[in-house]
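*Asks:* First the structure, which I've put down as structure tokens, then a few questions once you've had a look.
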Amino acid sequence: MNLTQAYKILESNESMDIAEIRRKYRILVLRYHPDRNSAPNAHEKFVALKDAFQFVEKFHIKKQYTHSDFEHKTTQNKAYKEKMKQRMQTQNKESVFEGFTWKHILILGLIFRILLRLIIKR
């Protein structure tokens, strides 16, 4: 079964949203339910309606999920880019230790600790 066949069985079209299709499906199910309709093909029509509606419903859910997933990834990507842009701007500002390596900073820290110990002993 493809989508156009399912829409044809449900007597609807692709421009209808899932709520309208559901309303149409409920009306048709009541009309062709084997307990309410004694026609010889009522049961087959009822089963075909059920299968067609499940097919269309899965299609609409999948379409909605992929669309919302795309929006989520897009906004997440925008937020990440903005965060990285802000981080780069703060890193580009001049730092007190610009040009120093970690080795230089550690040596300065050791010298500072030694000077503090000498001052405290006096």
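*Asks:* How large is ³J(HN,Hα), in whole Hz, for each residue of the stretch 15-23 in order, when computed from phi with the Karplus curve 6.51 cos²θ - 1.76 cosθ + 1.60 and θ = phi - 60°, using x for Gly and Pro?
*Replies:* With the stated coefficients, the stretch 15-23 comes to 7, 7, 7, 5, 5, 5, 5, 5, 4 Hz.
*Asks:* Once you've got the Cα coordinates, tell me which of Lys24/Lys58; Lys8/Lys50; Lys24/Lys63; Lys58/Lys81 are over 24 Å apart.
*Replies:* Where the Cα-Cα span goes over 24 Å, the pairs concerned are Lys58/Lys81.
*Asks:* Report the net charge of residues surrounding Ala42, where surrounding means a beta-carbon distance below 10 angstrom and charges are Lys +1, Arg +1, Asp -1, Glu -1.
*Replies:* +1
*Asks:* Would you kindly derive the ³J(HN,Hα) couplings of the stretch 102-110 from the backbone phi angles with the Karplus curve 6.51 cos²θ - 1.76 cosθ + 1.60 (θ = phi - 60°), listing them in order in whole Hz, with x for Gly and Pro?
*Replies:* Calculated HN-Hα couplings, in order: 4, 4, 4, 5, 5, 5, 4, x, 5 Hz.
Taken together, the values in this text are just the output of simple stated rules run on the coordinates, not laboratory data. These figures come from a predicted structure and were not determined experimentally. So basically every Cβ, Gly included, is an ideal-geometry build from the backbone, and we count neighbours across all protein chains shown.
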